[in-house]
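Report on the structure given below.
The values are calculated or read from the model by the stated rules, or taken from the named source; none is laboratory data. Keep in mind that this is a model prediction, so the values were computed, not measured. Note that each Cβ is placed from the backbone with ideal geometry, even for glycine, and that neighbours are counted across all protein chains shown. Keep in mind that these areas ignore ligands, DNA and RNA; they rest on the heavy atoms of the full protein, side chains included. Shrake-Rupley method; radii C 1.70, N 1.55, O 1.52, S 1.80 Å.
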Amino acid sequence: LGARLSKVFAEFDPEPIASASIGQVHRASLRDGRDVAVKVQRPGVAERVSDDLAAIAEMAGFADRHSEAGRRFGLSDMVAEFRAAMLAELDYRREAANLITLARNLRQFDLLVVPRPVVGLTTDRVLVMELVAGRKVTSVGPLGLMEVEGDALAEQLFGAYLKQIMVDGFFHADPHPGNVLLTDDGRL
């Protein structure tokens, strides 16, 4: 971010609350009191991904030149498409823009929450966004499920995915249960 953590955040928890292959997420509070999630890309990951993709592209090119399957399937073209998608994933500014688009597209679904990014604090390698308090849907027990409007939540989630795919052509492509929280106020 180009500044010391203490200049940007009132609090910053050094222990990650989530982690993945390219980054990890920390809980923090901005100086204005807002609670945020800070997604930080692992150092050197962009370079490693780029190197790995170059090696894959080289193998695909070899397969295209020296095998019937390579020629038939055009492996180099597939790898080029995969490369573009992977490099886009490494730019958190794009992820912030996608959050804004997704929230706008889903504004009619009042039981669904899309965290808002803090655009002024987002870079290619750091994404600061609203912290949504809740728990993973997979951790909600039978008693907890009795306290939510499950039918309404399921209907809105299903409707939102239909709208994303059939109407918007822009959708959240990783809808596994680990990416869905039940908020403290009963929304997803």
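Being touching an Asp or Glu at 6+ places or on another chain (Cβ under 8 Å), over 23 Å from LEU99 (Cβ atoms), in a helix (DSSP H, G or I) and of a type in the set (Gly, Ala, Ser) is the requirement here; does SER76 meet it?
Taking the combined requirement at face value, the residue satisfies it.
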Filtered residues of segment 110-151 (kept if surrounded by 14 or more Cβ atoms within 10 Å (Cβ to Cβ) and small (Gly, Ala, Ser)) = GLY134
Count - residues of segment 9-68 that are on the phi > 0 side of the Ramachandran plot and more than 20 Å from the chain's Cα centre (by Cα) | 1
In segment 25-39, how many are surrounded by 16 or more Cβ atoms within 10 Å (Cβ to Cβ), touching a helix residue (DSSP H, G or I) at 6+ places or on another chain (Cβ under 9 Å) and over 15 Å from VAL119 (Cβ atoms)?
-> 1
Is there a residue in segment 70-81 that is touching a strand residue (DSSP E or B) at 6+ places or on another chain (Cβ under 7 Å), open to solvent by 60 Å² or more (accessible area, probe 1.4 Å) and either at pLDDT below 95 or under 28 Å from VAL119 (Cβ atoms) (or both)?
-> no
Residues in segment 164-188 that are surrounded by 13 or more Cβ atoms within 10 Å (Cβ to Cβ) and not in a helix (DSSP H, G or I): how many?
-> 11
Only one of these is closer than 30 Å to LEU5 by Cβ, open to solvent by less than 60 Å² (accessible area, probe 1.4 Å) and not aliphatic (A, V, I, L, M): TYR161, TYR92. Name it.
-> TYR92
Note on segment 80-117: residues closer than 24 Å to ALA160 by Cα and in a loop (DSSP other than H, G, I, E, B) are LEU106, ARG107, GLN108, PHE109, ASP110, LEU111, LEU112, VAL113, VAL114, PRO115, ARG116
